[in-house]
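The values are calculated or read from the model by the stated rules, or taken from the named source; none is laboratory data. No experiment lies behind these values; they were computed from the predicted model shown. Virtual Cβ from ideal backbone geometry, glycine too; neighbours counted across all protein chains shown. The protein model used for the area step is the full one, side chains on, heavy atoms only, and it has no ligands, DNA or RNA in it. Shrake-Rupley method; radii C 1.70, N 1.55, O 1.52, S 1.80 Å.
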Amino acid sequence: MSADGTTLPETLSPAPLSPDAIRALRAEEPKLRARDFATRHGLSEAELVAAQLGHGATAIAAHPDALMPLVGALGDVLALTRNESCVIERRGIYGDYHSGAHAQMVLGEEIDLRIFAKHWVHGFALDDGEKRSVQIFDAAGDAVHKIHLKPESDVAAFHRLVAALRLPAQPERIEIAPRAPVEAAKADPTRAEVLRAEWEKMTDTHQFLRLVSKFKMNRLGAYRVAGAPWATPMAPGSVAALLEAVAAEGIPLMIFVGNMGCIEIHGGPIAKVTPMGPWINVLDPRFNLHLRGDHIAELWLVDKPTKNGPARSLEAFDAEGGLILQIFASRKHGRVADFNAALDTLPRLGADRAEAAE
């Protein structure tokens with residue numbers, strides 16, 4: 001009803017696209033990346049894949065306890081995990097899977113994952129005769145994790161996986177829930193002193209989230225409150241500078257990239273760092289990273305005490321407070337002192353801008 005009491009005509013939402021219509025549109029834009037196509041047409045990526053059911057796609061059980069024991073048989077594949085600002089891709093074999101009540105792990109030599117199964121909601125196997133993959137999506141239809149077969153992969157094992165995990169009912173549509181908002185920074189400056197005191201007592205990095213939760217903060221909020229020497233704001237360009245420095249010196253590192261359902265970790269050296277427009281890329285034979293540098297709104301150099309010495313990291317956040325990626329030294333591969341020395345060469349953010357971030 002308008003301000004003068006006139007009844008306004010009801011605005012109807014456009015009818016959702018049918019699977020046939022989605023496939024027809026996709027045929028007109030075959031080269032557009034799936035994620036970009038879905039965004040352009042108001043779909044989630046999972047809805048785009050679901051429209052291919054019976055046309056090269058099969059709905060499969062999504063839980064990692066069902067999936068991971070069969071994925072290892074695929075042999076050498078590509079593991080892909082992403083968030084809005086970063087994509088991590090690692091070649092390797094899925095092995096050493098560990099289940100758990102709240103989280104699961106893959107601890108292979110090359111593929112290293114931390115999995116949160118409650119977000120593994122929609123599973124699909126895709127096969128167009130040339131390209132094959134397993135793709136997992138969350139309740140909102142956003143990609144959680146993807147496994148792409150390569151020429152060296154075992155195609156027969158892929159077919160066995162599809163037969164074993166195929167859902168009895170192949171739905172024409174899938175139910176999509178609203179996307180959960182990113183949790184903004186939660187900070188309590190009145191508890192700064194006790195936070196710093198407890199921070200100094202840490203002996204393991206895994207104690208950190210429990211610590212900040214106790215003070216009703218989250219990761220980014222705690223960094224803003226604690227300040228140096230525990231958390232130091234850095235210039236956003238420091239990510240590219242660090243990657244270039246460790247690549248030039250062959251210094252191994254650990255890169256964590258994830259979303260609510262999966263964190264993928266690269267451990268080891270990197271070689272080829274290639275900027276392309278806003279993207280910072282690592283383009284190595286068995287490891288790729290694609291980072292939108294222009295999405296980095298806050299960057300922090302973080303120091304967490306442990307019984308084995310300080311664990312120092314560079315951590316990037318987007319404008320909404322979402323964690324984009326974390327970069328640590330690789331204790332397994334050595335040269336931690338060299339990694340820390342590279343961190344110490346990076347430009348800090350001016351104190352005036354650090355205060356503005358709060």
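Let me check something: with ligands and nucleic acids excluded, how do Arg348, Arg82 order by accessible area (1.4 Å probe), largest to smallest?
Putting Arg348, Arg82 in descending order of accessible area: Arg348, Arg82.
What does the C-alpha gyration tensor say about the overall shape of the stretch 232-358? Classify as rounded when a/c is under 1.5, otherwise prolate if a/b is larger than b/c, or oblate.
Here the stretch 232-358 falls in the rounded category.
Using a Förster distance of 30 angstrom, determine the FRET efficiency expected from the C-beta separation of Thr345 and Phe208, and round it to 0.05.
The value I calculate is 0.75.
Does the stretch 40-177 come out rounded, prolate or oblate, given a ≥ b ≥ c as the square roots of the eigenvalues of its C-alpha gyration tensor, rounded meaning a/c under 1.5 and, failing that, prolate meaning a/b above b/c?
It comes out rounded by the Cα gyration axes.
Just check the stretch 137-278 against the gyration tensor rule for me: Cα atoms, a ≥ b ≥ c as the square roots of the eigenvalues, rounded for a/c under 1.5, and otherwise prolate or oblate depending on whether a/b exceeds b/c.
Oblate, because a/c is 1.5 or more while a/b does not exceed b/c.
Considering only protein heavy atoms, what is the solvent-accessible area of Thr203 at a probe of 1.4 Å, reported in Å² to the nearest 10?
Rounded to the nearest 10, that gives 70 Å².
Rounded to the nearest 10 Å², what accessible area does Leu209 have for a 1.4 Å probe in the complete protein model?
Here the accessible area works out near 90 Å².
Using θ = phi - 60° and the Karplus form 6.51 cos²θ - 1.76 cosθ + 1.60, what ³J(HN,Hα) does each residue of the stretch 52-69 get, whole Hz, x for Gly and Pro?
Running phi through 6.51 cos²θ - 1.76 cosθ + 1.60 with θ = phi - 60° gives 8, 4, x, 10, x, 10, 10, 6, 10, 4, 9, 5, x, 4, 7, 7, 5, x Hz.
If you add up the charges near Phe287, with Lys and Arg at +1 and Asp and Glu at -1, over every other residue whose beta carbon is less than 11 angstrom from its beta carbon, what do you get?
So the environment of Phe287 carries a net charge of 0.
For Asn308 and Leu283 in the same chain, what is the full-extension length gain: residue separation times 0.36 nm, less their Cα-Cα distance, in nm?
5.8 nm
Protein chains only, probe 1.4 Å: how do Trp279, Trp120 rank by accessible area, largest first?
Trp279, Trp120
With θ set to phi - 60°, apply the Karplus curve 6.51 cos²θ - 1.76 cosθ + 1.60 along the stretch 100-115 and write out the HN-Hα couplings as whole Hz, x wherever there is a Gly or Pro.
x, 5, 10, 8, 10, 9, 10, 10, x, 4, 10, 9, 10, 10, 10, 10
For the full complex of protein chains and a 1.4 angstrom probe, list Met202, Met254 by accessible area with the highest value first.
If we order Met202, Met254 from most to least accessible, we get Met254, Met202.
How high is the relative contact order of the stretch 184-302, given as a whole-number percent (alpha carbon pairs under 8 Å, six or more residues apart)?
Here the relative contact order equals 22 percent.
So what is the calculated 222 nm ellipticity per residue for the chain, using -39500 (n - 2.57) for each DSSP H run with n of 4 or more, over all residues, to the nearest 500 deg cm²/dmol?
Counting only the DSSP helices, I get -7500 deg cm²/dmol.
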